[in-house]
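Here is the structure we will look at, set down as structure tokens.
The values are calculated or read from the model by the stated rules, or taken from the named source; none is laboratory data. Given the structure is predicted, the values throughout are model-derived calculations rather than measurements. Reconstructed Cβ throughout: ideal geometry from the backbone, glycine too, with neighbour counts over all protein chains shown.
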Amino acid sequence: MCLLLSAHLISAEKQRASLSGYHKAMQFLSVNGVLRYIFAAFLLLPTAASGGHRVRPCQAPLQWEGRTVTYDHSTGRNTRAIVSYDGQNQRIRVLEEKKGHIPCKKFFEYIYLYQSDVMFQIEQVTKQCAKMPLTDDWDPYDIPDNSTYEDQYFIGGPDDQIQVQEWSDRKPAPETWVGVYTIKDCFPVQETYTKNYSVTTSTRFFDLQIGISDPAVFIPPSTCQSAVSRKIRESC
């Protein structure tokens, strides 16, 4: 009788242990399932925001001309310029615009030739020229493939219909670059650069046109044959 009772108790204990293991397994699977769901939902955030397909960076034009306004946050200064951009040959020409009379202010033309690692600074009136090495790598106006999708929205009012996407290099650290590009033709609208947690420059783009109307703008003037090797002062 004692042996029978003991066997019954052992059997009951095994059943309880089995049920306990089952409940623990089900609890683990339930928690694991929730975590998997949350992770999948996180991955699909860019997909849901874009209407059912994964958002990928558009391909920006390799050549364009237009105008820009660059705001330097450290100096509080705006610089307006006419820009010719040639991403195919890695070169940029920037012609500062004269907006009103600023006493003792010089205006310059800049030619950046990244394949030759050289830049030219040309004073617009006297054509005095400075030739200096480029220390920065080529950084095209485009959206890198590994960029982080941030947002999509319309610029302006309901009848403007200018739809843009916002991208950054946040992965997941604080971004050092934020770019806003049109969806239709992938033109740059604004780029902002940050260094040491403070915004350094913000550039707005407008009046952009595809192509380069005059490739000669990338050829330095003859005065650059006797160029100085240091930057020309911007004031008198």
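List the pairs whose first member sits in region 225-236 and is closer than 10 Å to Gln128 by Cβ, whose second member is of a type outside the set (Phe, Trp, Tyr) and assigned to a loop (DSSP other than H, G, I, E, B), and whose Cβ atoms are under 7 Å apart, counting only residues at least 6 apart or on separate chains?
Between residues of region 225-236 that are closer than 10 Å to Gln128 by Cβ and residues that are of a type outside the set (Phe, Trp, Tyr) and assigned to a loop (DSSP other than H, G, I, E, B), the close pairs are Ile232/Gln128.
Do the conditions hold for Ile122, that is, is it at pLDDT 95 or above, over 24 Å from Leu62 (Cβ atoms) and assigned to a strand (DSSP E or B)? Explain how you work it out, then say what you get.
Working: at pLDDT 95 or above: yes; over 24 Å from Leu62 (Cβ atoms): yes; assigned to a strand (DSSP E or B): yes.
Criteria met by Ile122.
For residues that are in contact (Cβ under 8 Å) with a residue 12 or more places away in the chain and more than 16 Å from Gln59 (Cα to Cα), scanning just region 153-171, find the one that is surrounded by the most Cβ atoms within 10 Å (Cβ to Cβ). Show your work before the answer.
The first filter runs over region 153-171 and keeps only residues in contact (Cβ under 8 Å) with a residue 12 or more places away in the chain, leaving 153, 155, 162-171.
Filter again for more than 16 Å from Gln59 (Cα to Cα), leaving 153, 155, 162, 169-171.
Details: Tyr153: 10, Ile155: 13, Ile162: 14, Asp169: 17, Arg170: 15, Lys171: 9.
Going through the qualifying residues, I end up with Asp169.
Identify, from the list Tyr153, Tyr110, Tyr141, Tyr149, the residue that is among the hydroxyl-bearing types (Ser, Thr, Tyr) and farther than 22 Å from Val69 by Cβ. Please lay out each step first, then the result.
On the way: Tyr153 fails: farther than 22 Å from Val69 by Cβ; Tyr110 fails: farther than 22 Å from Val69 by Cβ; Tyr141 fails: farther than 22 Å from Val69 by Cβ.
On inspection, the qualifying residue turns out to be Tyr149.
For region 198-215, state whether one or more residues are in contact with a helix residue (DSSP H, G or I) (Cβ under 6 Å, 6 or more places away or on another chain) and touching a residue at least 60 places away in the same chain (Cβ under 8 Å).
Residues of region 198-215 that are in contact with a helix residue (DSSP H, G or I) (Cβ under 6 Å, 6 or more places away or on another chain), as a first pass: none.
No, region 198-215 contains no residue that is in contact with a helix residue (DSSP H, G or I) (Cβ under 6 Å, 6 or more places away or on another chain) and touching a residue at least 60 places away in the same chain (Cβ under 8 Å).
For Ile183, only one of the following conditions fails: (1) closer than 22 Å to Tyr153 by Cβ; (2) without any contact (Cβ under 8 Å) to a residue 40 or more places away in the chain. What is its number?
Among (1) closer than 22 Å to Tyr153 by Cβ; (2) without any contact (Cβ under 8 Å) to a residue 40 or more places away in the chain, Ile183 violates only (2).
For region 133-152, what are the residues that are loosely packed, with under 11 Cβ neighbours inside 10 Å and in a strand (DSSP E or B)?
Across region 133-152, the qualifying residue is only Pro133.
May I ask you to say which residue of Gln209, Gln190, Gln163, Gln225 is more than 28 Å from Leu95 (Cβ to Cβ) and either in a loop (DSSP other than H, G, I, E, B) or of a type outside the set (Lys, Arg) (or both)?
On the way: Gln209 fails: more than 28 Å from Leu95 (Cβ to Cβ); Gln190 fails: more than 28 Å from Leu95 (Cβ to Cβ); Gln225 fails: more than 28 Å from Leu95 (Cβ to Cβ).
It is Gln163.
Are any residues in region 76-120 surrounded by fewer than 19 Cβ atoms within 10 Å (Cβ to Cβ) and of a type in the set (D, E, K, R), and if so, which ones?
Arg77, Arg80, Glu96, Glu97, Lys98, Lys99, Lys105, Lys106, Asp117
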